[in-house]
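Participant: Please find one structure pasted underneath; my questions will follow.
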Amino acid sequence: MAPDSSSIDDPLFDAGHHIFANKDLLKTGHVPEADRIVGRDEEISKLATRLNGAVHGYSPENVMVYGKTGTGKSLVSRHVCQRARNAAQDGVTIGTAYVDCAEDDTETQAVSSLAAKLNDEAETGISVPHTGLSTSKYYKLLWETLDAQYDSTIVVLDEVDLMDDDSVLMKLSRAEEAGKITGSIGIIAISNKIQYIDDLNERVKSSFQHKELFFKPYDANQLREIMYNRRDAFREGVLSEDVIPLSAAFAAQEHGDARKAIDILRHAGEVAFEEEADTVREHHVRQAQQHAEKDRFRELVSGAPTQAKAALLALTELSINASGDAFLTSQVYDQYERVCEFLDMDVLSVRRFRDILKEQAFLGVVEIEKINKGSAGGIHLQNRLIEDAQVVRETILEDARMGDWASE
DNA sequence: CCTCCACTGGAATGTGAGGCGT
DNA sequence: ACGCCTCACATTCCAGTGGAGG
């Protein structure tokens, strides 16, 4: 928790860090100052237009914000909220609240956290308990709070698609016309899924439709600028020239996710530190990238269903023990039967087994090539692991149900 | 150019879990 | 509590595939 720069003279914890000056700047939750937001000017102004009403005491519009992770959706939303608060005309007060629906994923939790965040007890005299009330009570508290304090309220619901249902959206969007509150309310709903709006209740849908805002992934130039803005996380002169451009290039390949870009940069710093290098260089970035790649891969494998793991285990076994690195489906299936028998699992049909391998190919864990052996055997698929077989094997064996296989 | 091999992949169908309206 | 629907996962069946080798 404490910043690296705190200088407690304990030899166990090195006095200073020779790579990082302020590592916090590279934390995922770090919010940069307004003038450091890169390449999102258009999105900022569009979002502001929608919320413009609030500043003048009218009703703001609802907005649905789409975009992949790490494209600045939350950042821009928070930023615009803050600007709206500051820009509020004389006599107009604006309340803003941000709810992460990944944390508060039920209706009650979301409403209670909204009420708690918007309520200033000193001013309203209302106290909002963290738990214990019924959902409707929390709504009532929320309406009271809003009436007591604000002319307009902007609510940001981040990752709404993780919400268990859309009743919060429903009730919030209708609060004004249903006369629950005297002021107005605007919702910024943020979602990673483009189709999210299709699953919504018709009423909610209509209040968000045609008010969507898309966030494009960052390109390499923008990523580079984002990283330059945080270069003071490192000590001066520690970053060599090509580190940031290279990290940006890697991250741009990975769908333009700014979060990943920063991760790679931080990782590169950590690698350099562990190597006791004086500067962060290109090869540290490459190593960090590989590390990230491996992490992603491990996540894929460890998250796979049991049967898929058994299939992969069969493939790793062949890759390690047999010659060659690509194997016919029938060979892998034979091995898979042995694995299942040993682990006392159900043996799936060949047909299903083929589909499982195909899924893994889609995820990028295995690679499948079609070959034809002619009159010697017709059409076959050759399955090959993309990552190192040992790595895959170790990851699978971490699974309790698979562990026994380690004893052959 | 035709055959032929052994697997591929589409389609139909079955099954259990979980959500939804009544 | 109830049937109804959808979804993910799995099985069975079988026509289709396409290059090596005659």
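Throughout, read-outs are computed from the coordinates displayed, never taken from laboratory work. Every value quoted in this text rests on a predicted model; they were computed, and no experiment measured them. Note that each Cβ is placed from the backbone with ideal geometry, even for glycine, and that neighbours are counted across all protein chains shown.
Participant: Scanning the range A:382-403 for residues that are part of a helix (DSSP H, G or I) and among the small types (G, A, S), which turns out nearest to DNA strand B (Cβ to nearest atom)? Steps first, please.
Facilitator: The first filter runs over the range A:382-403 and keeps only residues part of a helix (DSSP H, G or I), leaving A:389-397, A:403.
Then drop every residue that is not among the small types (G, A, S), which leaves A:389, A:403.
Working: A:A389: 20, A:G403: 25 Å.
Here the answer is A:A389.
Participant: Would you please name the residue that is farthest from A:F297 (Cα to Cα), looking only at residues in the range A:357-381 that are surrounded by 14 or more Cβ atoms within 10 Å (Cβ to Cβ), within 12 Å of DNA strand B (Cβ to nearest atom) and aliphatic (A, V, I, L, M)?
Facilitator: Top of the filtered list is A:L381.
Participant: Same structure again: Condition first: within 26 Å of A:I181 (Cβ to Cβ), out of contact with any Phe, Trp or Tyr (no Cβ under 9 Å at 6 or more places or on another chain) and among the hydroxyl-bearing types (S, T, Y). Can you find one or more residues in the range A:76-84 that meet it?
Facilitator: No: zero hits.
Participant: Next question. Report, by residue number, each residue of the range A:280-325 that is within 13 Å of A:R384 (Cα to Cα) and either buried (at least 19 other Cβ atoms within 10 Å of the Cβ) or of a type in the set (S, T, N, Q) (or both).
Facilitator: Pass one, the range A:280-325, residues within 13 Å of A:R384 (Cα to Cα): A:311-320, A:322-325.
Correct list: A:A311, A:L312, A:L313, A:A314, A:L315, A:T316, A:E317, A:L318, A:S319, A:S323.
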